[in-house]
Amino acid sequence: MDLTGKLLIAMPGMGDPRFAHSVVFLCSHGKDGAMGLIVNKPADLPLAALLDQLDIDCVSRRIGERPVRFGGPVETGRGFVLHSSDYEANLHSLEIGDGFSMSATLDVLEDIAQGNGPERGLLMLGYSGWGPGQLEDEIAANGWLTADADLGLVFDLDDSGKWEAALKSLGIDPLNLSASAGHA
């Protein structure tokens with residue numbers, strides 16, 4: 001089972017509050033574990049503040065007002081940009097497929113600040129990580145649902161509407177979900 005490029009949707013009974021109502025884009029998944037970015041949790045930090053800390057000049061106030069998101073609890077001082085595949089960083093971009101790429105080098109921030117970055121993108125601090133078999137165990141324990149990733153859902157919706165939209169993409173009404181797991 002390779003879930004690279006898919007969405008994880010937290011179930012209501014998610015025990016870890018950092019992941020409550022979260023939608024995670026999986027950048028990689030394999031026998032060695034998984035790595036993803038939460039796409040709907042704001043970090044209460046505008047891009048301008050982060051750019052100032054890195055001594056990167058921003059050409060537009062509008063660009064600087066873009067929010068930074070909490071990508072997950074691992075390495076929260078490290079930045080990642082999940083973006084549309086129309087852009088490739090000079091140093092390195094990981095193409096994830098179906099229109100998504102991820103860059104984690106400083107040049108993507110410099111390009112964004114100058115208005116030359118990707119058409120669509122989300123900047124995150126930190127990432128979500130799982131060791132070998134851990135994510136599969138959490139899915140089996142009813143912690144996560146999986147869904148196909150959609151550019152519009154990930155990049156265009158307000159953070160507050162992404163969880164519900166991800167569930168609805170599976171034909172699930174959030175009001176009908178139970179926090180308890182059941183096995184037949």
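The values are calculated or read from the model by the stated rules, or taken from the named source; none is laboratory data. From a predicted model like this one, the values you see are computed outputs, not experimental measurements. Positions of Cβ are generated from backbone atoms using ideal geometry, with glycine treated the same way; all protein chains shown enter the neighbour counts. Each accessible area value is taken on the protein alone, full model and side chains, heavy atoms only, with ligands, DNA and RNA left out. Shrake-Rupley method; radii C 1.70, N 1.55, O 1.52, S 1.80 Å.
When the C-alpha atoms of the range 57-96 are aligned to their principal axes, what extent does each axis show, in angstrom, from largest down?
29, 27, 16
Ignoring ligands, DNA and RNA, please state the percent of accessible area on the range 45-184 from carbon and sulfur, probe 1.4 Å.
Values: 3460 of 7520 Å².
Of all accessible area on the range 45-184, carbon and sulfur atoms account for 46 percent.
Taking the solvent-accessible surface of protein heavy atoms with a 1.4 Å probe, what is the per residue accessible area of the range 20-173 in Å²? Write down the numbers at each step before the final one.
Values: 7440 Å² over 154 residues.
Ligands and nucleic acids excluded, the figure is 48 Å² per residue.
If you average 1/r over all unlike Cα pairs in the range 82-184 and invert the result, what Kirkwood radius do you get in angstrom?
Working: mean 1/r = 0.0623 Å⁻¹.
Its Kirkwood hydrodynamic radius stands at 16.0 Å.
For the range 29-120, what mean projected area does the convex hull of the alpha carbons give, in nm²?
On the way: hull surface 25.4 nm².
Convex hull of Cα atoms, orientation-averaged projection: 6.3 nm².
In the neighborhood of Met35, defined by Cβ-to-Cβ distances under 14 Å, what is the net charge if each Lys or Arg adds +1 and each Asp or Glu adds -1?
Around Met35, the surrounding residues sum to 0.
Kirkwood hydrodynamic radius (Cα pairs, Å) of the range 1-83?
Values: mean 1/r = 0.0699 Å⁻¹.
Radius from the Kirkwood sum: 14.3 Å.
Give the distance, in whole Å, between the Cα centre of the range 10-64 and the Cα centre of the range 113-150.
9
To the nearest 0.05, how large is the calculated FRET efficiency for Leu177 and Asp44 if R₀ is 30 Å and r is the Cβ-Cβ distance? Show your work: numbers first, answer last.
On the way: r = 28 Å, r/R0 = 0.92.
The value I calculate is 0.65.
How much net charge surrounds Glu95 when only the other residues with a Cβ under 14 Å from the Cβ of Glu95 are counted, with Lys and Arg +1 and Asp and Glu -1? Numbers along the way, then the final one.
Working: positive: none; negative: Asp86, Glu88, Asp98.
Value of the local net charge: -3.
What net charge is computed for the residues neighbouring Asn116, neighbours being all others with C-beta under 15 Å from the C-beta of Asn116, Lys and Arg scored +1, Asp and Glu -1? Walk me through the numbers before you get to the answer.
Working: positive: Arg62, Arg66, Arg120; negative: Asp57, Asp86, Glu88, Asp107, Glu110, Asp111, Glu119.
Surrounding charge for Asn116 is -4.
Given the chain reduced to its alpha-carbon atoms as identical point scatterers, what log10 I(q)/I(0) does the Debye formula return at q = 0.08, 0.15, 0.19 Å⁻¹?
Taken in order of the listed q values, log10 I(q)/I(0) reads -0.25, -0.85, -1.31.
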